[in-house]
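Everything below concerns the one structure shown next.
We did not get these values from a lab; they are worked out from the coordinates using the rules stated. The shown structure was predicted, so the numbers you read here are calculated from the model rather than taken from an experiment. Please note: Cβ atoms are built from the backbone with ideal geometry, for glycine as well, and neighbour counts cover all protein chains shown.
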Amino acid sequence: MSVVLDAARRRGRVPAALLIPAGLGLIFLVLPLAGLVVRAPWSTLPQRLTEPGALTALRLSVQTATLATVLCLLLGVPLAWLLARVEFPGRRLVRALVTVPLVLPPVVGGVALLLVFGRRGLLGGWLDATFGITLPFTTAGVVLAESFVAMPFLVIAVEGALRAADHRYEEAAATLGAGRWTTFTHVTLPLVAPGLAAGAVLCWARALGEFGATITFAGNYPGRTQTMPLAVYLALETDLESAIVLSLVLLIVSVGILAALRDRWITGP
Amino acid sequence: MSGRRLRTALAAVVAAAGLAVSGCAPDEAPQAAADGRVTGTVTVFAAASLTESFTRIGRDFEAANPGSTVTLNFAGSSALANQINQGAPADVFASAAPAPMTTVTEAGNADGTPSSFARNQLVIAVSRGNPKGVTGLADLTRPGVKVALCTDQVPCGAAARTALDAAGVALTPVTLEQDVKGALAKVKLGEVDAALVYRTDARAATAEVTGVEFPESARAVNDYPIVALKEAPNPAGARAFVAYVRSAPAQAVLAGAGFQAP
């Protein structure tokens, strides 16, 4: 009896060496948010919120981040599967290349996108001449910039989930005659669904906050390419309070959506 | 054991934080030396359009004041004004228009009254050789001509708006850039056909762009004010730099860059 109690107490005691830095970490993350809340101009908040510019930027942000996540899922999940399940020469190099957008300053990513998809870019000139498609300064350009920056988050999360998943289910499916595609859709995907959802949410959140690549590649025009982070940055030029309000709105909407998704799809222990 | 290790780790964190904080203010006591020359770091927040000329003027100032270092921070004037009003440790503010300067003086952050040190006006920056044959503002509304402007919140955007209104030209740009260098970069990259930028910016980039003068720019001339800041970490350096910008050698640099005298 006393042995059981001891064990429980031992499990229950949190070492100070972990608790203190954990607390400091939490404070460090939460304090800037508190700063936003404290400095927000609460008295004029309702009228600022209903300014058409703010809602337009918010709608554009949510739309483009969602489209970017869809694009990342379509391209990123197969890429993650390839990295996790198929042996091929240069796999380590490919994995390193996939993470490049993580370490690249987003503004550099935006310039790089211009050099490829811009009017004088490697592909952009051809796209324009052949299909009449120009991407810079368009909403599609925003989606592209956000996808470039956010896709590594999805690929890494899904690849990790695939590696952690039990191979034997897939092998069992194969011995029962399922092809690789059927195994992928009927066994592998359901198996890694939580990891997939977590990756998609991370990807969406990153896309929603994207600034540097977007303003560089897609420019800034209200209603077309001006997402919330751009609106916040430009409001900061002249009107700090308006920038704070826009930041708060983006924060509340993103946290709200993430919390809702988390309850629904990502069930933790 | 774990307690001691934690204390060591905490001490390291505190020391690092201390370093970061002290890094904001130059640790060599900045002040005028006995002979009146300026030493220490002079931190200058200057409008993006001053990039080339103030880089040169900063070097000349350092040469004239051995022991001094000029640190330059270039951005849109309004963003700089905001940073200063939020307590950024700057010594001097040089704005591309009176409006951002006014926000600094109204917040009580200026040391004395700002003085005008240069004037600038807009040109149409087009790709080198002017492939689209742009000769005036009206040409910018032709179909197939993509235009970048500065956003209205920054001086080059406000000036562009004034000039376009004066010309009676209704223009839909493809992008509203956050500062004049951003607008110019889009022309250099060939992503837009034209941008309204300062004459000095077009002149600094003659390898890639051509500046097309247009008459309405005379209606939107920007005055550039400069001021030493009240909270300047290096007050003597701040005043000396402001005086230097108004001196003949610095004015010659500004004129060479295409600025007009105040």
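Starting from one equal scatterer on each C-alpha and no solvent at all, send me the Debye-based log10 I(q)/I(0) for region B:122-219 at q = 0.15, 0.24 Å⁻¹, two decimals.
For the requested q values the scattering log ratios are -0.46, -1.34.
For the protein assembly as shown, how many pairs of lysine residues have a Cα-Cα distance under 28 Å, where the two are 8 or more positions apart or belong to different chains?
Numbers: B:Lys132/B:Lys146; B:Lys132/B:Lys181; B:Lys132/B:Lys186; B:Lys132/B:Lys188; B:Lys146/B:Lys181; B:Lys146/B:Lys186; B:Lys146/B:Lys188.
For the protein assembly as shown, qualifying lysine pairs total 7.
Points 7 angstrom from Cα along the Cβ direction at A:Glu51 and A:Ala34: gap in nanometres?
Here the answer is 2.8 nm between the modelled labels.
Which order results if B:Phe93, B:Phe61 are arranged by neighbouring Cβ count within 10 Å, fewest first?
Working: B:Phe93 31, B:Phe61 24.
Neighbour counts put them in this order, fewest first: B:Phe61, B:Phe93.
Return the percentage of antiparallel bridges among DSSP beta bridges fully within chain B, rounded to the nearest 5 %. Mind showing how you got there, number by number?
Values: 21 of 37 bridges.
Among the beta bridges of chain B, antiparallel pairing accounts for roughly 55 percent.
Below 8 Å, C-alpha to C-alpha, sequence gap of six or more: please give me the relative contact order for chain A in percent. Walk me through the intermediate numbers first.
Numbers: 283 pairs, mean separation 75.6, N = 269.
With pairs under 8 Å counted, the relative contact order is 28 percent.
I need to check one value: relative contact order of chain B, counting alpha carbon pairs closer than 8 Å and at least 6 residues apart, in percent. Numbers along the way, then the final one.
Values: 524 pairs, mean separation 70.4, N = 262.
Value for chain B: 27 percent.
Mind sorting B:Glu106, A:Glu241, A:Glu210 by how few other Cβ atoms lie within 10 Å of their own Cβ, fewest first? Write out the running numbers ahead of the final one.
Details: B:Glu106 10, A:Glu241 14, A:Glu210 29.
Ascending Cβ contact count within 10 Å gives the list B:Glu106, A:Glu241, A:Glu210.
Report the antiparallel proportion of the DSSP beta bridges in region B:122-219 as a percent, rounded to a multiple of 5. Provide the component values of the computation, followed by the final result.
On the way: 9 of 14 bridges.
Counting DSSP beta bridges with both partners in region B:122-219, the antiparallel share is about 65 percent.
Once you've got the GNM for chain A with C-alpha springs shorter than 10 Å, pick whichever of A:Pro46, A:Pro89, A:Pro78 has the biggest mean-square fluctuation.
A:Pro89
What residue among A:Phe148, A:Phe137, A:Phe184 shows peak mean-square fluctuation when chain A is described by a Gaussian network model with Cα springs under 10 Å?
Of A:Phe148, A:Phe137, A:Phe184, the Gaussian network model singles out A:Phe184 as fluctuating most.
Take the eigenvalues of the Cα gyration tensor for chain A, scale each by 5, and report the square roots as semi-axes in whole Å, largest first. Intermediate results must be reported in sequence, preceding the final value.
Numbers: eigenvalues 254, 205, 53 Å².
Largest first, chain A gives 36, 32, 16 Å.
Report the antiparallel proportion of the DSSP beta bridges in the protein assembly as shown as a percent, rounded to a multiple of 5.
Values: 21 of 37 bridges.
DSSP beta bridges in the protein assembly as shown are roughly 55 percent antiparallel.
Kirkwood Rh over alpha-carbon pairs of chain B, then Stokes-Einstein at 4 °C and 1.567 mPa s: what D in µm² s⁻¹, rounded to an integer? Don't jump to the answer; show the numbers that get you there.
Values: Rh = 19.8 Å.
In µm²/s, the coefficient is 66.
Starting from 0.36 nm per residue, how many nanometres of slack lie between A:Leu26 and A:Ala96 once their C-alpha separation is accounted for?
Numbers: separation 70, 0.36 × 70 = 25.20 nm, distance 3.07 nm.
Full extension from A:Leu26 to A:Ala96 adds 22.1 nm.
Give me the dipole magnitude in Debye, nearest 20, for chain B about the Cα centre, with unit charges on the beta carbon: positive for Lys and Arg, negative for Asp and Glu.
Details: 21 positive and 22 negative charges, 96 e Å.
Once rounded to the nearest 20, the dipole reads 460 debye.
In nm, give the distance between the simple-model label positions of B:Ala255 and B:Ala243, each being 7 Å from the Cα along the Cα-to-Cβ direction.
Result: 2.2 nm between the two label points.
Using the Kirkwood formula over every pair of different C-alpha atoms, what hydrodynamic radius in Å results for the protein assembly as shown? List each step's numbers first, then the result.
On the way: mean 1/r = 0.0375 Å⁻¹.
Averaging 1/r across every pair of different Cα atoms and inverting gives 26.7 Å.
So how far, in whole Å, is the C-alpha centre of region B:49-94 from the one of region B:132-149?
34 Å
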